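Below: the structure, in structure tokens.
The values are calculated or read from the model by the stated rules, or taken from the named source; none is laboratory data. Computed from a predicted structure; not experimentally measured. Here the Cβ positions follow ideal geometry from the backbone for every residue, glycine too, while neighbour counts run over all protein chains shown. For the accessible areas, the whole protein counts, side chains as well, though only heavy atoms, and no ligand, DNA or RNA atoms are used. Shrake-Rupley method; radii C 1.70, N 1.55, O 1.52, S 1.80 Å.
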Amino acid sequence: MKVLVATDKPFAKVAVDGIRKEIEAAGYEFALLEKYTDKAQLLDAVKDANAIIIRSDIIDAEVLDAAKELKIVVRAGAGYDNVDLAAATAHNVCVMNTPGQNSNAVAELALGMMVYAVRNFYNGTSGTELMGKKLGIHAYGNVGRNVARVAKGFGMEVYAYDAFCPKEVIEKDGVKALDSAEELYKTCQVVSLHIPATAETKNSINYALLKDMPKGAMLVNTARKEVINEAELIKLMEDRADFKYITDIMPAANAEFAEKFAGRYFSTPKKMGAQTAEANINAGIAAAQQIVGFLKDGCEKFRVNK
């Protein structure tokens, strides 16, 4: 059995070494494709792979057609919208993610971005503090839980809304559960986004939802750019000079945001949420272990396609 690690954005070396150790200890062949610059390189590498570990790499129908021996793809991380799930199912390929492995890294970045913003991007002027501010967490999954944990250390008043998480689960963490996204945004001065990009959520963060946020509002996005209605967010920020948008996913309209909203807008140059040595190691080794479990025992615990 051949296990391919295919990463345009490579894992840290210590993570690659850990993945190799897990794969080879199980008696499987380890192969590595890093920093590829052309899809043809990926298509060639997958031809004889039985399993693939990826990060943000695209696994679509063309890749699956080329991977005749493929049984499983594991996305090292939580989001998996870079994998065509329907095509994978049609090719009888199992797709998994590694939930929770990057969560602390993303949560720390979210709070770091909040500090950066309330301190006016460290421009030498007087800012404000996070202590005492109301923080709304939109989606209370692994990252949301870690954001709540860290935010409470800052002395923030933490609220959350999640359509799929029972209120009692949220409230046992000392977080106030709200009944709707609308209530969350009306209540909280700072909102941290953690929703996935689905048919229901794409463009759902729009003018109507954001317009009633309290004075001095800030939206922090470490989730997906597709959930933001960029045109409506631009209109909102034109109408509200007190609104800040801080994102770890560069918008399609980045140049327009940067030109129009200097001092109220910041984007990382590329997605940085999982870019820590610890998250690299955790997610990579978890992916390797899940592949071994699937190939040896048929374990499908974190399967995300049908």
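Remarks
- Considered as a group, the residues in region 87-129 that are part of a loop (DSSP other than H, G, I, E, B) and within 30 Å of residue 242 (Cα to Cα) include one that is least open to solvent (accessible area, probe 1.4 Å), and that residue is 127.
- Checklist (1) more than 14 Å from residue 286 (Cα to Cα); (2) in contact with a strand residue (DSSP E or B) (Cβ under 8 Å, 6 or more places away or on another chain) applied to residue 40, failing item: (2)
- Top-ranked residue in region 206-225 [being of a type in the set (A, V, I, L, M) and in contact (Cβ under 8 Å) with a residue 60 or more places away in the chain; ranked as surrounded by the fewest Cβ atoms within 10 Å (Cβ to Cβ)]: 218
- Scope region 260-272; condition more than 18 Å from residue 218 (Cα to Cα) and either buried (at least 16 other Cβ atoms within 10 Å of the Cβ) or modelled with pLDDT of 95 or more (or both); matching residues: 269, 271, 272
Every residue, every condition in (1) farther than 24 Å from residue 52 by Cβ; (2) over 20 Å from the mean Cα position of the chain (by Cα); (3) not assigned by TED's automatic domain parsing to the domain that holds residue 29, yes or no:
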site: 227; (1), (2), (3): yes, no, yes
site: 233; (1), (2), (3): yes, yes, yes
site: 236; (1), (2), (3): yes, yes, yes
site: 260; (1), (2), (3): yes, yes, yes
site: 306; (1), (2), (3): no, yes, yes
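- The set of residues from region 284-306 being of a type outside the set (S, T, N, Q), in contact (Cβ under 8 Å) with a residue 40 or more places away in the chain, open to solvent by less than 50 Å² (accessible area, probe 1.4 Å) and more than 13 Å from residue 13 (Cα to Cα) comprises 286, 287, 288, 291, 292, 294, 295, 304.
- Scope region 68-94; condition modelled with pLDDT under 95 and among the acidic types (Asp, Glu); matching residues: 81
- Candidates are the residues of region 171-196 that are more than 17 Å from residue 110 (Cβ to Cβ) and part of a loop (DSSP other than H, G, I, E, B); the one that is most open to solvent (accessible area, probe 1.4 Å) is 172.
- Residues (within 18 Å of residue 185 (Cα to Cα) and either in contact (Cβ under 8 Å) with a residue 40 or more places away in the chain or not assigned by TED's automatic domain parsing to the domain that holds residue 205 (or both)) located in region 146-175: 147, 151
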